[in-house]
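Structure first, commentary second.
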Amino acid sequence: MSSSERNTPDPSPRPGRLTAAAACAGLEALALVVGGVYMLAMGLLGRPDSPQQAEMGGITLIALAVIPLLAARGLLLRRGWSRGPALVTQIMALPVAWTLLRSSGPLIPAGIALAVIAVTALVLLVNPTTTEALGIRGRDRA
């Protein structure tokens, strides 16, 4: 297959599962950016125990948001490579959700939301309809 054939959009409609998986990754990217901006602002304007640590944490979250953002874009454009970063993002989100669930106060609903989004995205990403739409073939189909 030539490179021009791979860049040609698939004329068939994008499956809803693929769009939903991209939306989950996009939501996670948005949450990372919001959390990063909040930490950065609190590091600069608030009175944290360690302003440098808060600022670096904020910058790190914003930088990490690039991964699910690129994965979401790749899923929307039906790029097979995008499934890997999307899966890794969901797997990394599960321990974060568990930590939030074991905390107290308003972090518990955030943990529930993150867990629901991560598990939903995982189910959508391993669905045969999604893998087929991304052009990923199993060993027996090659």
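The values are calculated or read from the model by the stated rules, or taken from the named source; none is laboratory data. For clarity, every value in this text was computed on a predicted model and none was experimentally measured. Every residue, glycine as well, gets a Cβ built from its backbone with ideal geometry; the counts of neighbours run over all protein chains shown. We work out accessible area using only protein heavy atoms, side chains counted, and drop any ligands, DNA or RNA first. Shrake-Rupley method; radii C 1.70, N 1.55, O 1.52, S 1.80 Å.
Taking the stated definitions as given, is V33 modelled with pLDDT of 95 or more, β-branched (V, I, T), farther than 27 Å from P128 by Cβ and in a helix (DSSP H, G or I)?
Values: modelled with pLDDT of 95 or more: yes; β-branched (V, I, T): yes; farther than 27 Å from P128 by Cβ: yes; in a helix (DSSP H, G or I): yes.
Answer is yes for this residue.
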Residue check for G46: open to solvent by less than 50 Å² (accessible area, probe 1.4 Å) and over 19 Å from the mean Cα position of the chain (by Cα): yes
Single residue of L107, L100 found to be surrounded by fewer than 17 Cβ atoms within 10 Å (Cβ to Cβ), out of contact with any Lys or Arg (no Cβ under 9 Å at 6 or more places or on another chain) and not charged (D, E, K, R): L107
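Name every residue in region 32-55 that is closer than 22 Å to A93 by Cα, of a type in the set (A, V, I, L, M) and in contact (Cβ under 8 Å) with a residue 12 or more places away in the chain, in order of residue number.
If we filter region 32-55 for residues that are closer than 22 Å to A93 by Cα, which is where we start, we get 32-40, 53-55.
When the remaining residues are screened for being of a type in the set (A, V, I, L, M), the result is 32-34, 37, 39-40, 54.
The answer is L32, V33, V37, M39, L40, A54.
Is at least one residue of region 68-82 closer than 16 Å to A31 by Cβ, assigned to a helix (DSSP H, G or I) and open to solvent by 70 Å² or more (accessible area, probe 1.4 Å)? Break it down stepwise before answering.
Here is the first cut: in region 68-82, the ones closer than 16 Å to A31 by Cβ are 68-72.
Next, only the ones that are assigned to a helix (DSSP H, G or I) stay: 68-72.
Of the ones still in play, those that are also open to solvent by 70 Å² or more (accessible area, probe 1.4 Å) are 69-70.
So far as region 68-82 goes, yes, one or more of its residues are closer than 16 Å to A31 by Cβ, assigned to a helix (DSSP H, G or I) and open to solvent by 70 Å² or more (accessible area, probe 1.4 Å).
Can you pull out the residues in region 110-142 that are outside any helix (DSSP H, G or I), hydrophobic (A, V, I, L, M, F, W, C) and surrounded by 12 or more Cβ atoms within 10 Å (Cβ to Cβ)?
We begin by selecting, within region 110-142, every residue outside any helix (DSSP H, G or I); these are 127, 134-138, 142.
In the following step, the residues that additionally are hydrophobic (A, V, I, L, M, F, W, C) were identified as 134, 136, 142.
Correct list: L134, I136.
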Number of the condition not met by G57 [criteria: (1) among the small types (G, A, S); (2) modelled with pLDDT of 95 or more; (3) surrounded by 13 or more Cβ atoms within 10 Å (Cβ to Cβ)]: (2)
